[in-house]
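Heads up, the thing below is written out as structure tokens.
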Amino acid sequence: MKALVHHGAGHKSWDTVPDPTIEAPTDVIVKIDATTICGSDLHILKGDVPSVAEGRVLGHEGVGTVVATGSAVSTLATGDQVIIACIKNCGRCAYCRRGLHSHCAGDEGAPGMGWILGHLVHGTQAEYVRVPYAETSLHRLPEGVTPAEGVMLSDILPTGFEIGVRYGRVKPGDTVAVIGAGPVGLAVSATAGLQGAARIIAIDIDDHRAQQALSFGATHAVNSGGSGWQDEVRALTDGDGVDVAVEAVGIPHTFAMALDLVRPGGNVANVGVHGKPVELPLQDLWIKNIAISMGLVNTDTLPMLLRLVRDGRLPVDRFASHHFPLDRILDAYDTFADAAKTNALKVVLGG
Ligand code: NAD
Ligand code: ZN
């Protein structure tokens with residue numbers, strides 16, 4: 001089959017590689033119908049994530065069709081169209097039973113995400129992928145949801161909801177600041193309303209991105225590229241600061257912004273993946289009585305989010321800015337990497 005293979009810092013190619021095969025009785029082989037590219041794939045390719053071995057197929061988001069099942073798989077059959085969760089879930093270990101799939105003690109890594117979980121399996125930017133623990137890691141695509149829409153449930157929608165909204169303990173009537181209006185920040189804006197947020201303030205240095213958030217559920221868009229934007233945000237909170245500040249960029253500066261914007265007694269939810277140490281000025285913060293949360297997505301809310309998508313309650317059709325056939329994935333990478341020029345949000349392959 002053909003697959004996008006990582007060949008060390010700065011190198012990737014669309015290679016012919018062996019077809020995946022069933023290796024464990026709980027495995028399923030999925031033919032990819034839609035996949036996409038994530039910012040973390042760019043990090044891996046830049047060499048920021050040296051634990052991802054050369055020769056790995058990248059990608060951890062996908063929708064596809066089951067073409068083979070292991071002997072222990074009884075709830076999925078050939079022909080089923082499924083969403084692949086970016087985090088595998090053995091369904092049996094103590095962590096999975098608590099919904100903490102990101103700490104699954106099963107012995108397989110998530111597709112293409114071994115940089116977080118240690119063990120590696122090949123990813124979804126390929127014609128076929130082997131999915132471990134298939135019965136609990138795959139979710140049937142409902143009728144009426146396209147593969148290009150369903151693929152937004154592999155990672156970004158659960159991440160925005162679980163790590164931004166749920167960990168941030170958003171409550172009815174809250175004012176929520178979402179720093180960063182990339183796909184993940186937009187997923188936070190899109191899901192904050194599910195917990196009753198009254199005001200959702202999208203903040204980005206890129207004006208186009210901030211404005212775009214208004215069609216993803218944000219009630220206000222703030223460009224933080226210039227001066228005076230902090231006053232703009234405070235004016236929307238009666239001068240107090242926001243109830244919940246969500247960091248969805250992954251740099252020290254935006255984490256500091258979240259600490260500054262949150263009101264006393266509020267919550268800071270860090271979603272961004274930080275490649276560098278981040279300062280935590282407890283000497284100033286302790287007096288603010290705030291809670292700070294963070295974490296890796298679990299995708300335990302994927303079934304709940306999928307019901308909302310099925311019923312048209314989430315703007316899932318808005319994330320895909322560009323479509324390419326799978327065999328033009330190298331062009332898709334160029335488009336995604338040059339987002340400042342191309343306005344790329346999610347670049348969908350296939351679908
Ligand atoms: P992205 O790079 O597409 O978007 C980031 C956005 O932040 C961009 O719109 C950019 O303009 C904006 N930005 C950059 N600098 C800024 C600044 N100084 N002030 C305000 N805005 C600024 O990223 P994404 O795909 O949306 O992901 C966001 C973060 O979430 C990344 O760090 C990613 O690694 C992380 N992530 C975390 C998890 C998890 O499980 N916790 C899962 C997926 C992604
Ligand atoms: Zn597990």
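The values are calculated or read from the model by the stated rules, or taken from the named source; none is laboratory data. Since this is a predicted model, take the numbers as computed values, not measurements. Please note: Cβ atoms are built from the backbone with ideal geometry, for glycine as well, and neighbour counts cover all protein chains shown. What goes into the accessible areas is simple: the full protein's heavy atoms, side chains included, and nothing from ligands, DNA or RNA. Shrake-Rupley method; radii C 1.70, N 1.55, O 1.52, S 1.80 Å.
Please specify each residue of the stretch 20-44 satisfying the condition of being within 18 Å of the chain's Cα centre (by Cα) and open to solvent by less than 40 Å² (accessible area, probe 1.4 Å). So that I can check it myself, show each step before the final result.
Initially, the stretch 20-44 is screened for residues within 18 Å of the chain's Cα centre (by Cα), giving 34-44.
Across the stretch 20-44, the qualifying residues are ALA34, THR35, THR36, ILE37, CYS38, GLY39, SER40, ASP41, ILE44.
Only one of (1) open to solvent by 20 Å² or more (accessible area, probe 1.4 Å); (2) more than 21 Å from GLY10 (Cα to Cα); (3) in contact with a Gly (Cβ under 6 Å, 6 or more places away or on another chain) is not met by ARG318, so which one is it?
Checking ARG318 against (1) open to solvent by 20 Å² or more (accessible area, probe 1.4 Å); (2) more than 21 Å from GLY10 (Cα to Cα); (3) in contact with a Gly (Cβ under 6 Å, 6 or more places away or on another chain), the one that fails is (3).
Can you tell me which residues in the stretch 93-107 are open to solvent by 70 Å² or more (accessible area, probe 1.4 Å), at pLDDT below 90 and away from ligand 1 (no atom under 16 Å from the Cβ)?
ALA105, ASP107
Check off (1) part of a loop (DSSP other than H, G, I, E, B); (2) surrounded by 15 or more Cβ atoms within 10 Å (Cβ to Cβ); (3) not β-branched (Val, Ile, Thr) for ARG234 and give me the number that stays unchecked.
Among (1) part of a loop (DSSP other than H, G, I, E, B); (2) surrounded by 15 or more Cβ atoms within 10 Å (Cβ to Cβ); (3) not β-branched (Val, Ile, Thr), the lone unmet condition for ARG234 is (1).
Condition (residue is open to solvent by 50 Å² or more (accessible area, probe 1.4 Å), free of Cβ contacts under 8 Å to residues at least 12 places away in the same chain and not in a strand (DSSP E or B)) applied to the stretch 164-181: is it met by at least one residue?
Within the stretch 164-181, none of the residues are open to solvent by 50 Å² or more (accessible area, probe 1.4 Å), free of Cβ contacts under 8 Å to residues at least 12 places away in the same chain and not in a strand (DSSP E or B).
How many residues are assigned to a helix (DSSP H, G or I), farther than 11 Å from ALA269 by Cα and open to solvent by less than 20 Å² (accessible area, probe 1.4 Å) when one looks only at the stretch 182-202?
Kept after step one, since they are assigned to a helix (DSSP H, G or I), are these residues of the stretch 182-202: 183-195.
Cutting the leftovers down to farther than 11 Å from ALA269 by Cα gives us 183-187, 189-195.
From the residues that got through so far, the ones that are open to solvent by less than 20 Å² (accessible area, probe 1.4 Å) too are 185-187, 189-192.
Number satisfying all stated conditions: 7.
Condition check ((1) away from ligand 1 (no atom under 15 Å from the Cβ); (2) small (Gly, Ala, Ser)) across all residues:
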{"position": "GLY182", "(1), (2)": "no, yes"}
{"position": "VAL188", "(1), (2)": "no, no"}
{"position": "ALA197", "(1), (2)": "yes, yes"}
{"position": "ILE203", "(1), (2)": "no, no"}
{"position": "ALA221", "(1), (2)": "no, yes"}
{"position": "GLY225", "(1), (2)": "no, yes"}
{"position": "ASP238", "(1), (2)": "yes, no"}
{"position": "ASP243", "(1), (2)": "yes, no"}
{"position": "THR254", "(1), (2)": "no, no"}
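Which pairs do you get when a residue that is basic (Lys, Arg), found in the stretch 280-298, comes within reach of a residue that is surrounded by 10 or more Cβ atoms within 10 Å (Cβ to Cβ), reach meaning Cβ atoms under 7 angstrom, with the pair 6+ apart or on two chains?
What qualifies is LYS288/PRO264.
Among the residues of the stretch 46-53, is any open to solvent by 10 Å² or more (accessible area, probe 1.4 Å), assigned to a loop (DSSP other than H, G, I, E, B) and within 16 Å of ligand 2 (Cβ to nearest atom)?
There is no residue in the stretch 46-53 that is open to solvent by 10 Å² or more (accessible area, probe 1.4 Å), assigned to a loop (DSSP other than H, G, I, E, B) and within 16 Å of ligand 2 (Cβ to nearest atom).
Just to be sure I understand the filter: pairs with C-beta atoms under 6 Å, separated by 6 or more residues or on different chains, first member in the stretch 16-43 and within 18 Å of GLY150 (Cα to Cα), second member within 16 Å of ligand 1 (Cβ to nearest atom) and open to solvent by 10 Å² or more (accessible area, probe 1.4 Å). Which pairs pass?
Once the first residue is within 18 Å of GLY150 (Cα to Cα) and sits in the stretch 16-43, its partners that are within 16 Å of ligand 1 (Cβ to nearest atom) and open to solvent by 10 Å² or more (accessible area, probe 1.4 Å) give ILE37/PHE336.
I need every pair where a residue in the stretch 76-103 that is more than 21 Å from ILE163 (Cα to Cα) and aliphatic (A, V, I, L, M) has its Cβ under 9 Å from the Cβ of a residue that is more than 16 Å from ligand 1 (Cβ to nearest atom) and open to solvent by 20 Å² or more (accessible area, probe 1.4 Å), sequence separation at least 6 or different chains.
LEU76/THR69; LEU76/GLU135; LEU76/ARG140; ALA77/THR69; VAL82/THR65; VAL82/HIS139; VAL82/ARG140; VAL82/LEU141
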